[in-house]
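K.L.:
Following this message is one structure expressed as C-alpha cells.
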C-alpha cells in the first residue's frame, strides 16, 4: 500500500494569493501576527491564531478562540478565495528562494502512531500546543499548513515529478522572497505518482505537533472506519536531495549570574576557547565545533566528545547540550527552560549579537545538522534536542486547504 493518497483539495486563487497566504505561523512574533491579522481580515493568520495572539482576557476561553478561527475561515471561503479541485488530486509544489529550488508532492499520508515505521519522527511535542491543533482540526473540519516530510528519492520518482511539472500550473505567486508554483494532478497522472512513491519510509522535517494533533483527533473518534478522512493527514513530501537545512543557534542565560571572565573560565574547563576577531572567524565551517559569543567577544571551540554511541549522540546539537549547556549552564530541559532561546540562521547572527548585548546571554553558533543525520536519528527511533534543524524555505500558510467534508458524507468531525 502506498504512503501517498490524492484528495479533493482547494488551492488559493491567484488573485487572492497576496491577501490570503502568509509565512509559517512561527515565522512571526505574537505582536507581528496580531498587527497583520488586524490590518487584513482575509489573512490566514486570522485562521491559525492561538492564545498568545488574542487579548489577555480571552486567552483562557478556547471555545471563543476556535469560534473566531472558524468565522475567519468562513469569511475567506465566502469571498471565493479558493479554487476547488473536485477530483482526488495530488499537487506538485515548487518553492524557489534565491538559487535554491525544491519541488514537493502535496497529498495525504497515513496518520501513524509513534514507532510506526511509515512516518518517522525525530522530535518530542508539547501536549498543550497539540491539543489546540486537534480542536482546530475537528471543529473547523479543515487543515491548511501541511506536515513537511522528506524521503530518499530515486530516478523513477524524480521522473514522475518532472513529468507532472510539464503541465500548466494552477498557481504562480510570490511572497516574502519565495516564488511558488503549483501543478494539480488527477487521474492517471496522480496514480503514476502514487505508484512511484510506493511504501518508502517518510521522515518528518517540520510539523511534529500537527502530526500529534492528527493522532489525537483519531483517538477522539475511535469508531471511525479505516477509510475515514481522520485516518489521513495533509503533508508535503520533498526529496532529501533538495532539502536545505540551516542551523538554529542558541542563546543561553546564566542563572548563577557569573561575570564574563567567570563564564569564560567555566567554558574553558570543558575545552579551550580560541579568541576570534569576529563572527566570520568564529563560525564553524564543519561539524564538531561551535562559535561562542560572550561579553562582546567571539571565540571558537571544539565540542566535547559524544556522550554515547547512538546517532543522536553524535549530533553537534547533542554534544553542545550534553557537554556544555547542561553541565556548565544548567539547561537540562531545553524544550521549556526560559533561560534558553533560539535564533534560526535566516534571522541572522546580527540579531543574536544584538540580543546577547541587550540581555547578557551567551550565544552559541552551530553548524547545521544534515538531512542524513536527521534520518539516521529517526531510523533509530531517537529524539533530537529541540530546534536541532531549521528547514528553509517553508511552505506558506493558506496556499492549500483540505476540507474534511469534501472527503466524506458522514461528517469527519463527529465524535
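K.L.:
Can you report the number of residues in region 43-65 which are surrounded by fewer than 17 Cβ atoms within 10 Å (Cβ to Cβ) and either more than 29 Å from residue 180 (Cβ to Cβ) or touching a residue at least 24 places away in the same chain (Cβ under 8 Å) (or both)? Break it down stepwise before answering.
P.N.:
Initially, region 43-65 is screened for residues surrounded by fewer than 17 Cβ atoms within 10 Å (Cβ to Cβ), giving 51-52, 55-64.
With either more than 29 Å from residue 180 (Cβ to Cβ) or touching a residue at least 24 places away in the same chain (Cβ under 8 Å) (or both) added as a condition, the list becomes 51, 55-64.
Qualifying residue count for the region: 11.
K.L.:
Being touching a helix residue (DSSP H, G or I) at 6+ places or on another chain (Cβ under 7 Å), at pLDDT 95 or above and farther than 24 Å from residue 222 by Cα narrows it down to one residue among 149, 193; which is it?
P.N.:
On the way: 149 fails: touching a helix residue (DSSP H, G or I) at 6+ places or on another chain (Cβ under 7 Å).
After applying the criteria, what remains is 193.
K.L.:
Give region 280-296 a look and list any residue that's over 23 Å from residue 318 (Cβ atoms) and either surrounded by 13 or more Cβ atoms within 10 Å (Cβ to Cβ) or modelled with pLDDT under 95 (or both), or say none. Can you show your working first?
P.N.:
Within region 280-296, the subset over 23 Å from residue 318 (Cβ atoms) is 280-281, 295-296.
Within region 280-296, 281, 295 meet the criteria.
K.L.:
Does at least one position in region 122-141 carry a residue that is over 30 Å from residue 54 (Cβ atoms), modelled with pLDDT under 95 and in a loop (DSSP other than H, G, I, E, B)? Lay out the reasoning, then the answer.
P.N.:
The first filter runs over region 122-141 and keeps only residues over 30 Å from residue 54 (Cβ atoms), leaving 122.
Of the ones still in play, those that are also modelled with pLDDT under 95 are 122.
Applying the additional criterion that residues be in a loop (DSSP other than H, G, I, E, B) yields 122.
Yes, some residue in region 122-141 is over 30 Å from residue 54 (Cβ atoms), modelled with pLDDT under 95 and in a loop (DSSP other than H, G, I, E, B).
K.L.:
Select, from 80, 104, 98, the only residue that is within 24 Å of residue 173 (Cβ to Cβ), assigned by TED's automatic domain parsing to the domain that holds residue 231 and at pLDDT below 95. Explain how you work it out, then say what you get.
P.N.:
Details: 80 fails: at pLDDT below 95; 104 fails: at pLDDT below 95.
Unique residue meeting the criteria: 98.
K.L.:
I'm trying to understand the selection: among the residues of region 313-354, which are in contact with a helix residue (DSSP H, G or I) (Cβ under 7 Å, 6 or more places away or on another chain) and under 16 Å from residue 369 (Cβ atoms)?
P.N.:
315, 318, 334, 343
K.L.:
Kindly indicate the residue of region 21-42 that is within 20 Å of the chain's Cα centre (by Cα) and in a helix (DSSP H, G or I) and also surrounded by the fewest Cβ atoms within 10 Å (Cβ to Cβ) among those meeting that condition.
P.N.:
We begin by selecting, within region 21-42, every residue within 20 Å of the chain's Cα centre (by Cα); these are 21-30, 32-33.
Narrowing the set further to residues that are in a helix (DSSP H, G or I) leaves 25-27, 30, 32-33.
Details: 25: 17, 26: 10, 27: 16, 30: 13, 32: 13, 33: 22.
Here the residue is 26.
The values are calculated or read from the model by the stated rules, or taken from the named source; none is laboratory data. Worth saying up front: this structure is predicted, and the values here are computed from it rather than measured. Neighbour counts are summed over all protein chains in view; Cβ atoms, including those assigned to glycine, are modelled from backbone coordinates with ideal geometry.
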